[in-house]
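**Q** Please read through the structure below; I'll follow up with questions.
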Amino acid sequence: MVKPVFTIGPSQDAKDIRTEVFIEEQKCVNEFDELDPSSWSLVLYLDKEAMGTGRLIKIDPTTYAIGRVAVRKKFRHQKVGTYILKFLEKKAVTIGANKIELHAQVDKIPFYVKNGYHIVGDGEVYYEEGIPHQTMEKTLERPKRRYPYGRK
């Protein structure tokens, strides 16, 4: 059974996944930062095995940023990344967001486009840890209110 688990700040499983993906695979140096302790961190589990992670950072009352989305090798190409995005987006809506921003690694842009994100502005490419990125965003839809007793 797939289960999302949210914490404030990264859990040990989130740290382990980020270490595997960003530090060991991608050779990033500055993976953990001052935003971690106050961010919402998600780990997605299959039964009790951690598959992937991501974080959610408040930019302003209605805008949040998704970051540090990482999926363990054995779970890639199984829609785990999509599930991570959907759970983070749903969490963002519940805490007041109507827009999500993210810094996408250029080679991951098709994944984000498939999930409803678009490149911001002129699409300037910039480098984080030597990896090319572009800023993307998505407008979130708030759930329609349900009125009791058939009111509209």
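Derivation of every value follows stated rules applied to the coordinates shown; laboratory data play no part. Note that the coordinates shown come from a computational prediction; the quantities given were computed from them, not determined experimentally. Methodologically, a virtual Cβ is constructed for each residue, glycine included, from the backbone with ideal geometry; neighbour enumeration extends over all protein chains shown.
**Q** Can you find a residue that is under 20 Å from Gln26 (Cα atoms) and not hydrophobic (A, V, I, L, M, F, W, C) anywhere in region 110-123?
**A** Checking region 110-123: at least one residue is under 20 Å from Gln26 (Cα atoms) and not hydrophobic (A, V, I, L, M, F, W, C).
**Q** Now for a different question. Return the only residue of Tyr64, Tyr127 being over 22 Å from Ile23 (Cα atoms), assigned to a strand (DSSP E or B) and of a type in the set (Phe, Trp, Tyr). Write out each step before concluding.
**A** Working: Tyr127 fails: over 22 Å from Ile23 (Cα atoms).
On inspection, the qualifying residue turns out to be Tyr64.
**Q** Test Ser11 against the criterion of being surrounded by 15 or more Cβ atoms within 10 Å (Cβ to Cβ) and closer than 25 Å to Arg142 by Cβ, and give yes or no.
**A** So Ser11 does not fit the description; no.
**Q** From the list Thr53, Thr19, which one is surrounded by 15 or more Cβ atoms within 10 Å (Cβ to Cβ) and part of a helix (DSSP H, G or I)? Explain how you work it out, then say what you get.
**A** Working: Thr53 fails: part of a helix (DSSP H, G or I).
Being surrounded by 15 or more Cβ atoms within 10 Å (Cβ to Cβ) and part of a helix (DSSP H, G or I) holds for just one of Thr53, Thr19, which is Thr19.
**Q** Ok, one more. Confirm whether Tyr45 is of a type outside the set (S, T, N, Q), part of a strand (DSSP E or B) and under 14 Å from Ala14 (Cα atoms). Break it down into steps so the answer makes sense when it comes.
**A** Working: of a type outside the set (S, T, N, Q): yes; part of a strand (DSSP E or B): yes; under 14 Å from Ala14 (Cα atoms): yes.
Yes: the conditions hold for Tyr45.
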